[in-house]
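Accompanying notes for the structure given below.
The values are calculated or read from the model by the stated rules, or taken from the named source; none is laboratory data. Computed from a predicted structure; not experimentally measured. When we count neighbours, we look across all protein chains shown, and the Cβ atoms used for this are built from the backbone with ideal geometry, even at glycine. Just so you know, the surface numbers come from the protein's heavy atoms only, side chains and all, with ligands and any DNA or RNA stripped out. Shrake-Rupley method; radii C 1.70, N 1.55, O 1.52, S 1.80 Å.
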Amino acid sequence: MKTSELRKRFLDFFRTKEHTIVKSDSLVPRNDPTLLFTGSGMNQFKDYFLGLRTDLKRAASVQKCLRTGDLDRVGKTPYHHSFFEMLGNFSFGDYFKEEAIDWAWEFLTKELNLPSDRLYVSVHEKDDEAFEIWNKKIGVPKKLIARLGDLSNFWPANAPKSGPNGPCGPCSEIFFDQGTNYSGATNQFWSEDESGRYAEIWNLVFTQFERQEGGKLVPLKAKNIDTGMGLERLACVLQKKKMNYEIDIFRSINDDVSRSLNLGKNPTPLESLYAISDHVRAVVFAISDGVIPANEGRGYVIRKLIRRALWRGQELLNSVQIQKRLEKPFLYKTVPTVVEIMGDTYPELKLGEASVKEVLRSEEERFLNALQTGLEILEKNLESMKGAKKLPGKFVFELYDTYGFPDELTRAIAQKSGLEIDEIGFQKLLDEQRKRAKSASKLASTIFAASDINEDLLKLPETRFLGYQTLEADGKVLWSFFSNQEGAIALDQTPFYPEGGGQVGDSGTLEGPEFKFVVSDTQKKERVILHHGKLISGKVKVGESCKAKVNRENREATKRNHTATHLLQAALRSVLGTHIRQVGSLVNPEKLRFDFTHGKPLSENEIKQVEEWANQAILDNLAVEVNVQNYESAMKSGVLAFFGDKYGDEVRVIEVPGKSKELCGGTHCHQTGEIGAFVITSESSIGSGTRRIEAITGLNAIHYVKQLNQTLNQIANTLKVNPDQLGERVEKIQKKLKELDRPGISASRKAIDSEKLIDSAETVGKIKLIAQVVPDEGIEFLRHLADQVRAKAKESVLVFFSTKDSKVNFLIALTKDLLSSKLDAQELAKKAAPLIDGSAGGRKDLAQGGGRNPRGIDQAMKMISNLVRDLK
């Protein structure tokens, strides 16, 4: 049975059991502070398990999941994955153990025709009820039922003793005997066999308790069912394979990885091939859901998966001795195969295919450059450590932390040189980093994190939103909360738009017979729209009526920017290519900000083309059409959707015919001509493969251009030329300044004292590293500064960065007495340039470069310092 058919049959089966079929949530959990990623089917139903929502009694889903707790086992064992699909059926205070067990057995033995004598069951050691159902009602022999403890058969594992507090309960697991052809298979009781022969295929969790402080288990009034079954694992059983990586949805990916690396037939080690196939699936799905590789949070997890997959590729190359090192990206080439296999089930993959390839390729290139640098540093250190027995843990961690150099790689190369690594020292530094990361992520420690949920608020009816039709309306106060004069109010209906889709919440006023409340922001909590602000006078009473009035000027400016954002994305896709995808945005009355996938800075000509494309659409005064459609139909029509958002069955489509078509719940113009004008004010990098554009519209654009014109006229008057002669005049002045400035530094730049720079140098062995970041200067000043410092310094490496107008310039120079050393300014510059999204060139004694990512300066400085230390 194909995996695609298995998915369908599971959902169809539970549809006949009166379950509502709920589509998969995003891998990025919504409104859940306990999770980085969605790791199980129950995550999107937490409010139902808590009893905070009651509009659903039975549900079934196929949920895409991502877990990284067992990365070292991925590819090695038959069943471990980072990304997988979880089949699940759920009951919220409706049916319980008997139905859950009965239907699980029916699905496996009747729907899928699995032989009942090869199915084994485990129950919690104290769950007599589940044992009796399995043994007496279902007919499973006692010898096939294992009674296990809290660690194996309680959810969360070991919760009665170790916590966390919250809903919990015993569970029952179903296993399938795959035969004796497993290495290590024993004749012991089946539950003690760890060979992989007995595949766990379904876990039925009976949530019947609430754990309280001290480990007290209090029975829940409403008992719930939460089941989970790995799709890949069940397919492995049905397709009679030994490992999940041999099933239909992996075969093509495995083959594609082999082709991309030119491995030929039967590549080894297979665990490396399988790990790559797993990781590339995880990465494609995560990027499609809006997770961009980064140095923290979710982005760091994805960056780690990409780097692990690349190193696995190196392992495969080593095994066939095709080449010494992996030099070119290859993971991005597998994206079309993943999309082809999974795209019908998850249409967001098809929509994001081009942009996922772009982001992945860019990240691969970045890491391969860093990997090359790390290898050179490691090899030079190994040469200098001949006779030693251990590689210091601090050095191993530095390679890992600064260059993303896998510790497995360091360990393997060190072993070839007869060295071990200081495991204790490395692990200590790694644990400290993990603690810092966990603290920074601010993940809540409880399984359900219900403490921040106001139950009274969630019991309110859904707020009726009137803001598409009007900016003023009458409403009734249903709820309010105040601390001093600051607070929030919920109405039965409102014209105020709550923050969402990148658009900020409306501002305005709520005014009743006995109060006046100024709204500074509008948010949405589940189904309820909350007006946040300050009580100016009177007292708010639940049940009284009030007039809700949105700030018209701000709303009009905001909607101009929102419609312009749609035109901007369409313009970028037209000018740069269809790989462009939105990964973030901000729309407020003052400006718009648009983050998108693209691997390099936009040229001046590209920015000009984008502006002209958008402004032509504005001049054409095209209609902005709004339609509510079925989600599936909308997606098939080619509409664009925002990465990671979860949409309901009915969606709102904003279309400018022939130009743009997107899913969007925001407020928009009726005609594109209402935007007035569109001006890009900045373009910059915000990370690997991602760019940011900021722009303004309407009167803000007119004021901006007018201010620029006034500034130009003022400069022209000062220089006594016409504005159209400014360029020529400035060039002449620059030439004169260079001539005047060459002997030394101008008075305005004497704030940087070359003597103090030399005195503050970092000592690296016998070499001094003189580093400085200079704001608001160009490369010419850095050259002057270098000339002055080199004239006085000895045995020094000079590293100067400057920032100006979101651009970065940098210069690296060596003093003359280092020209015979291993140090090379050009090589240092070339290795630092990618960290600021730039390039560099030069000579051994002097090199310079530029880029567009000021955020990378600190990392570049750190890397240069490490290189100097290792090359000295």
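Pairing each residue of the range 457-482 that is over 14 Å from Gly512 (Cβ atoms) with any residue that is among the aromatic types (Phe, Trp, Tyr), provided the two are 6+ apart or on different chains, yields C-beta distances under 8 Å for Leu457/Trp479; Leu460/Trp479; Phe465/Tyr497; Gly467/Phe496; Gly467/Tyr497. Within the range 64-73, being outside any strand (DSSP E or B) and of a type outside the set (Gly, Ala, Ser) holds for Arg67, Thr68, Asp70, Leu71, Asp72, Arg73. Of all residues in the range 519-562, exactly one satisfies the criterion of being in a helix (DSSP H, G or I) and small (Gly, Ala, Ser), namely Ala557.
The set of residues from the range 152-174 being open to solvent by 30 Å² or more (accessible area, probe 1.4 Å), in contact with a Lys or Arg (Cβ under 9 Å, 6 or more places away or on another chain) and among the hydrophobic types (A, V, I, L, M, F, W, C) is empty.
Scanning the range 653-707 for residues that are assigned to a strand (DSSP E or B) and more than 29 Å from Gly290 (Cβ to Cβ) yields one hit, Gln671.
Determine whether Gln314 is polar (S, T, N, Q), under 22 Å from Ala275 (Cβ atoms) and modelled with pLDDT under 80. It is false that Gln314 is polar (S, T, N, Q), under 22 Å from Ala275 (Cβ atoms) and modelled with pLDDT under 80.
Among the residues of the range 601-641, those that are under 22 Å from Gly689 (Cα atoms) and without any contact (Cβ under 8 Å) to a residue 12 or more places away in the chain comprise Ser603, Glu604, Asn605, Lys608.
Only one of the listed residues (Ala557, Ala571, Ala617) is at pLDDT 95 or above, open to solvent by less than 40 Å² (accessible area, probe 1.4 Å) and in contact with a Lys or Arg (Cβ under 6 Å, 6 or more places away or on another chain). That residue is Ala617. When every residue of the range 490-509 is checked against the conditions, at least one turns out to be outside any loop (DSSP other than H, G, I, E, B), under 30 Å from Tyr48 (Cα atoms) and out of contact with any Gly (no Cβ under 8 Å at 6 or more places or on another chain). A count restricted to the range 469-491 and to residues that are surrounded by fewer than 17 Cβ atoms within 10 Å (Cβ to Cβ) and within 36 Å of the chain's Cα centre (by Cα) stands at 5. Out of all the residues in the range 104-112, is one or more assigned to a strand (DSSP E or B) and in contact with a strand residue (DSSP E or B) (Cβ under 7 Å, 6 or more places away or on another chain)? Scanning the range 104-112 turns up no residue that is assigned to a strand (DSSP E or B) and in contact with a strand residue (DSSP E or B) (Cβ under 7 Å, 6 or more places away or on another chain).
Quick check on the range 500-522: of everything there that is within 20 Å of Glu462 (Cα to Cα) and at pLDDT below 95, which residue is surrounded by the fewest Cβ atoms within 10 Å (Cβ to Cβ)? Looking at residues that are within 20 Å of Glu462 (Cα to Cα) and at pLDDT below 95, I get Gly500. Pairs, please: C-beta under 9 Å, at least 6 apart or cross-chain, first residue closer than 16 Å to Arg303 by Cα and free of Cβ contacts under 8 Å to residues at least 24 places away in the same chain and in the range 398-412, second hydrophobic (A, V, I, L, M, F, W, C) and not in a helix (DSSP H, G or I)? Cβ pairs passing all conditions: Asp407/Ile421. With respect to (1) free of Cβ contacts under 8 Å to residues at least 40 places away in the same chain; (2) of a type outside the set (S, T, N, Q); (3) assigned to a loop (DSSP other than H, G, I, E, B); (4) crowded, with 16+ Cβ neighbours inside 10 Å, the lone exception for Trp134 is condition (3).
The selection criterion, being modelled with pLDDT of 85 or more, acidic (Asp, Glu) and touching a helix residue (DSSP H, G or I) at 6+ places or on another chain (Cβ under 6 Å), holds for Glu353. Within the range 728-738, the set of residues being more than 21 Å from Glu777 (Cβ to Cβ) and loosely packed, with under 11 Cβ neighbours inside 10 Å comprises just one member, Glu728. Filter the range 69-121 for residues that are free of Cβ contacts under 8 Å to residues at least 24 places away in the same chain and at positive phi and give the result. Within the range 69-121, just Asn113 meets the criteria. Quick one: is Leu317 under 25 Å from Asp70 (Cα atoms) and of a type outside the set (Val, Ile, Thr)? Answer is yes for this residue. Here Ser417 does not fit the description of being crowded, with 20+ Cβ neighbours inside 10 Å and either farther than 27 Å from Cys65 by Cα or in contact (Cβ under 8 Å) with a residue 24 or more places away in the chain (or both).
For beta carbons closer than 6 Å, sequence separation of 6+ or different chains, a first residue in the range 690-714 that is touching a residue at least 40 places away in the same chain (Cβ under 8 Å) and a second that is assigned to a helix (DSSP H, G or I), the qualifying pairs are Ile696/Tyr704; Thr697/Arg560; Thr697/Asn561; Thr697/Ala564; Thr697/Ile675; Gly698/Arg560. Being touching a helix residue (DSSP H, G or I) at 6+ places or on another chain (Cβ under 9 Å) and either within 20 Å of Tyr400 (Cα to Cα) or open to solvent by 10 Å² or more (accessible area, probe 1.4 Å) (or both) is a property that Ala286 lacks. Evaluate the following for Met42: is it closer than 26 Å to Asn244 by Cβ, part of a helix (DSSP H, G or I), open to solvent by less than 30 Å² (accessible area, probe 1.4 Å) and touching a Gly at 6+ places or on another chain (Cβ under 8 Å)? Yes; evaluated as a whole, the condition is true for this residue.
Listed residues Ser61, Ser24, Ser91; which is part of a loop (DSSP other than H, G, I, E, B), touching a strand residue (DSSP E or B) at 6+ places or on another chain (Cβ under 7 Å) and either crowded, with 21+ Cβ neighbours inside 10 Å or not charged (D, E, K, R) (or both)? Of Ser61, Ser24, Ser91, the one residue that is part of a loop (DSSP other than H, G, I, E, B), touching a strand residue (DSSP E or B) at 6+ places or on another chain (Cβ under 7 Å) and either crowded, with 21+ Cβ neighbours inside 10 Å or not charged (D, E, K, R) (or both) is Ser24. Of all the residues that make up the range 248-269, how many are of a type in the set (D, E, K, R), over 19 Å from Val237 (Cα atoms) and assigned to a helix (DSSP H, G or I)? Qualifying residue count, the range 248-269: 3. For the range 292-307, a residue qualifies if it is closer than 16 Å to Cys65 by Cβ and open to solvent by 10 Å² or more (accessible area, probe 1.4 Å), and the qualifying residues are Arg298, Val301.
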